[in-house]
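Read through the structure below, which is laid out as structure tokens, and then see the notes.
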């Protein structure tokens with residue numbers, strides 16, 4: 001929500017924002033399938049085949065990756081923020097997944113929570129993709 005850019009599961013297994021005008025913008029690396037794991041927990045699978053959104057390490061920038069096999073690091077608590085907005089809390093780090101909007105760094109899982117205006121990179125916008 002902070003930069004209005006889609007999340008992109010790049011082929012190297014990293015999570016980035018994708019800039020408008022890039023050939024991958026709204027391509028197959030942007031949609032994710034949400035798997036319900038019960039009790040508000042979810043696993044997110046990139047539809048481009050790169051794998052499951054997974055937190056590795058301590059959750060710093062670059063520690064939110066795509067792994068072929070789902071693991072405990074692939075579980076997130078889904079926090080609904082209404083109006084097609086959500087936040088994801090890593091079960092591993094107990095911190096929110098997010099991106100620093102003014103940088104081109106990869107996503108991390110070490111954010112403590114959103115600012116009141118929700119524009120700090122931890123609040124995500126979601127939409128249903130036709131046919132999924």
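What follows is calculated from the coordinates using simple rules that are stated; it is not laboratory data. Given the structure is predicted, the values throughout are model-derived calculations rather than measurements. Here Cβ is always computed from backbone atoms with ideal geometry, including for glycine, and neighbour counts include all displayed protein chains.
Just give me the residues in segment 1-29 being in a loop (DSSP other than H, G, I, E, B) and under 10 Å from the mean Cα position of the chain (by Cα), in sequence order. Answer for segment 1-29, where residues must be in a loop (DSSP other than H, G, I, E, B) and under 10 Å from the mean Cα position of the chain (by Cα): just 6.
Is segment 77-85 home to any residue that is surrounded by 19 or more Cβ atoms within 10 Å (Cβ to Cβ), in contact with a strand residue (DSSP E or B) (Cβ under 7 Å, 6 or more places away or on another chain) and either touching a residue at least 60 places away in the same chain (Cβ under 8 Å) or in a loop (DSSP other than H, G, I, E, B) (or both)? The answer is no, given that none of the residues of segment 77-85 is surrounded by 19 or more Cβ atoms within 10 Å (Cβ to Cβ), in contact with a strand residue (DSSP E or B) (Cβ under 7 Å, 6 or more places away or on another chain) and either touching a residue at least 60 places away in the same chain (Cβ under 8 Å) or in a loop (DSSP other than H, G, I, E, B) (or both).
With respect to the conditions (1) over 25 Å from residue 102 (Cα atoms); (2) in contact with a strand residue (DSSP E or B) (Cβ under 9 Å, 6 or more places away or on another chain), residue 38 falls short on a single one, namely (2). Among residues of segment 48-76 being in a loop (DSSP other than H, G, I, E, B) and without any contact (Cβ under 8 Å) to a residue 24 or more places away in the chain, the one that is nearest to residue 128 (Cα to Cα) is 49.
Any idea which of (1) under 18 Å from residue 12 (Cα atoms); (2) free of Cβ contacts under 8 Å to residues at least 40 places away in the same chain; (3) in a loop (DSSP other than H, G, I, E, B) is the one residue 45 doesn't satisfy? Going through the list (1) under 18 Å from residue 12 (Cα atoms); (2) free of Cβ contacts under 8 Å to residues at least 40 places away in the same chain; (3) in a loop (DSSP other than H, G, I, E, B), residue 45 breaks only (3). Any residue in segment 92-110 that is closer than 16 Å to residue 60 by Cα, part of a loop (DSSP other than H, G, I, E, B) and touching a helix residue (DSSP H, G or I) at 6+ places or on another chain (Cβ under 8 Å)? Among the residues of segment 92-110, at least one is closer than 16 Å to residue 60 by Cα, part of a loop (DSSP other than H, G, I, E, B) and touching a helix residue (DSSP H, G or I) at 6+ places or on another chain (Cβ under 8 Å), which makes the answer yes.
Selection of segment 101-121 for residues being at negative phi, in contact (Cβ under 8 Å) with a residue 24 or more places away in the chain and either surrounded by 13 or more Cβ atoms within 10 Å (Cβ to Cβ) or within 13 Å of the chain's Cα centre (by Cα) (or both) yields 101, 105, 106, 107, 108, 109, 110, 114, 119, 120.
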